[in-house]
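Worksheet for the structure shown next.
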Amino acid sequence: MSRNLVKHSPAALKYYREQVSLSREGLAKKAGDIDVAKIEKGETENQVFTFKQLQAIAKVLLIPEFLLKTSKTQTKDIPEYIDHRGEIKPYDENSNYALKKAIYELVNNREDLLYTYESIEVEPKPFTLRLTGKDATADAATIREFLKIDENKFTLDGTDDYYHAWRTLLERQDILVLEISRTKIGSEGMALYYETLPIVAILSSGQSNSRKLFTMIHELVHLGLRESAIDGNILQGSLETERYCNRVAGSVLLPEHSLNKLYKDYLPLSENIDFIRQNLKISRQAIAIQLRLTDRIKQSQLDEYLAELDTKNSGWGKSGKQYSAYNHFGKVYIQQVLSAVMSDNISVSSAINILRVKDLAHLQYLEEKVFS
């Protein structure tokens, strides 16, 4: 019987389990047909599991299987973050694990891009945006200058409501803007601060492209304040930091001087929003949110307008691995990976793995999409 078992490191098993905030019972349950007593035994003895069981455990622990075979553990480069999800209980194991899983995915994506940059001998830009946290109008102006907003032209990409055009501005500054779908952790967005390749994450389930634009700029404000944060419902957050990020984000997208010029008291809300959108090239939801933040409309009007947009299913993306890859990684990330393939610095199979697409045909779709 022992010939069917493989050796592993008990210390590594315990270490990586604790890193993802799982109890022994939680690991046993998520790994499938493994008894909790075997997990307990595996943390003191080095030959307990079959190879298939060790693979299942490694998958749950979000690591390659070989790391369970050595006592030399590795630590993910994850910055300390503030959790603004007030409604999430800290002892909820499933929620904590789901959050760790989402963060690991983001950090892995960053490591893959760092590897890609290294392979093509490109140095990512250092992140230079620094905000005061004291003057929302001045901080908004700093972001607009940092992104060179007034120097750019914004175009629609299908029904994206200008979201991708704004997203590309961040990506050109070597800010990773990544979308995570089908993950329910009570969050709309995250910011993970690094001196190079900081991360803005958008939890895309339930957010149309029109809504993602405001979320993205809100998380950029966190980065400019040099902080990492896990946000809950951004518009309903009661913390002053969250309210400040909203004020700055609103002023980045729709500065007060532009509002004074374009907003007409006598026009119905929808006509006002369409007129402003036509002139400033920002999403409908972002405009509506800023109108509420500046007390030009009531909360009930905002809620009614956002509900109407959701009913129209405004700005949702397509489904499929190639479309998911485009939404998740964004234009610039994919361009860098494909450029590394074209220059023979990484293989096609490596690119397929990094971008999580099915085959060469999906890779070719992405090539046409991002270089057209």
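Table for the structure above
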| quantity | calculated |
| --- | --- |
| Test: residue in the range 37-53 that is out of contact with any Gly (no Cβ under 9 Å at 6 or more places or on another chain), modelled with pLDDT under 95 and open to solvent by less than 50 Å² (accessible area, probe 1.4 Å) | yes |
| Some residue of the range 84-96 being modelled with pLDDT under 95, open to solvent by 60 Å² or more (accessible area, probe 1.4 Å) and of a type in the set (A, V, I, L, M, F, W, C) | no |
| Search result, residues across the range 134-175 that are aromatic (Phe, Trp, Tyr) and either surrounded by fewer than 22 Cβ atoms within 10 Å (Cβ to Cβ) or at positive phi (or both) | Phe146, Phe154, Tyr162 |
| Hits in the range 204-236 (condition: free of Cβ contacts under 8 Å to residues at least 24 places away in the same chain and either touching a helix residue (DSSP H, G or I) at 6+ places or on another chain (Cβ under 7 Å) or crowded, with 22+ Cβ neighbours inside 10 Å (or both)) | Gln207 |
| Matching residues in the range 16-29 - criterion: being surrounded by fewer than 19 Cβ atoms within 10 Å (Cβ to Cβ), without any contact (Cβ under 8 Å) to a residue 60 or more places away in the chain and out of contact with any Asp or Glu (no Cβ under 7 Å at 6 or more places or on another chain) | Glu18, Glu25, Lys29 |
| Selection from the range 237-248 of residues that are in contact (Cβ under 8 Å) with a residue 60 or more places away in the chain and closer than 15 Å to Leu223 by Cβ | Thr241, Glu242, Tyr244, Val248 |
| Failed criterion for Leu129 (all others in (1) at pLDDT below 90; (2) in a loop (DSSP other than H, G, I, E, B); (3) open to solvent by less than 30 Å² (accessible area, probe 1.4 Å) hold) | (1) |
| Phe154 being over 30 Å from His8 (Cβ atoms), in contact with a helix residue (DSSP H, G or I) (Cβ under 7 Å, 6 or more places away or on another chain) and not hydroxyl-bearing (Ser, Thr, Tyr) | yes |
| Members of the range 55-77 found to be among the basic types (Lys, Arg) and either within 13 Å of Val6 (Cα to Cα) or open to solvent by 60 Å² or more (accessible area, probe 1.4 Å) (or both), listed by number | Lys59, Lys69, Lys72 |
| Search result, residues across the range 97-120 that are farther than 25 Å from Ser349 by Cβ and either loosely packed, with under 13 Cβ neighbours inside 10 Å or among the aromatic types (Phe, Trp, Tyr) (or both) | Tyr97 |
| Qualifying residue in the range 355-369 (condition: in a helix (DSSP H, G or I), under 24 Å from Ala165 (Cβ atoms), open to solvent by less than 20 Å² (accessible area, probe 1.4 Å) and of a type in the set (Val, Ile, Thr)) | no |
| Condition check for Leu178: at pLDDT 95 or above, in contact with a strand residue (DSSP E or B) (Cβ under 9 Å, 6 or more places away or on another chain) and closer than 18 Å to Ser324 by Cα | yes |
| Matching entry among Gln285, Gln278 (being among the polar types (S, T, N, Q), in contact (Cβ under 8 Å) with a residue 40 or more places away in the chain and either in a helix (DSSP H, G or I) or touching a Phe, Trp or Tyr at 6+ places or on another chain (Cβ under 9 Å) (or both)) | Gln285 |
| Residues (part of a helix (DSSP H, G or I) and surrounded by fewer than 20 Cβ atoms within 10 Å (Cβ to Cβ)) located in the range 248-272 | Glu256, His257, Ser258, Leu259, Asn260, Lys261, Leu262, Leu269, Ser270, Glu271 |
| Only one of Ser270, Ser283, Ser258 that is of a type in the set (S, T, N, Q) and within 23 Å of the chain's Cα centre (by Cα) | Ser283 |
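The values are calculated or read from the model by the stated rules, or taken from the named source; none is laboratory data. This one's a predicted model, so the numbers in the text were calculated from it and none came from an experiment. Cβ: placed from backbone, ideal geometry, glycine included. Neighbour counts: every protein chain shown. Calculation scope for accessible area: heavy atoms of the full protein, side chains included, ligands and nucleic acids excluded. Shrake-Rupley method; radii C 1.70, N 1.55, O 1.52, S 1.80 Å.
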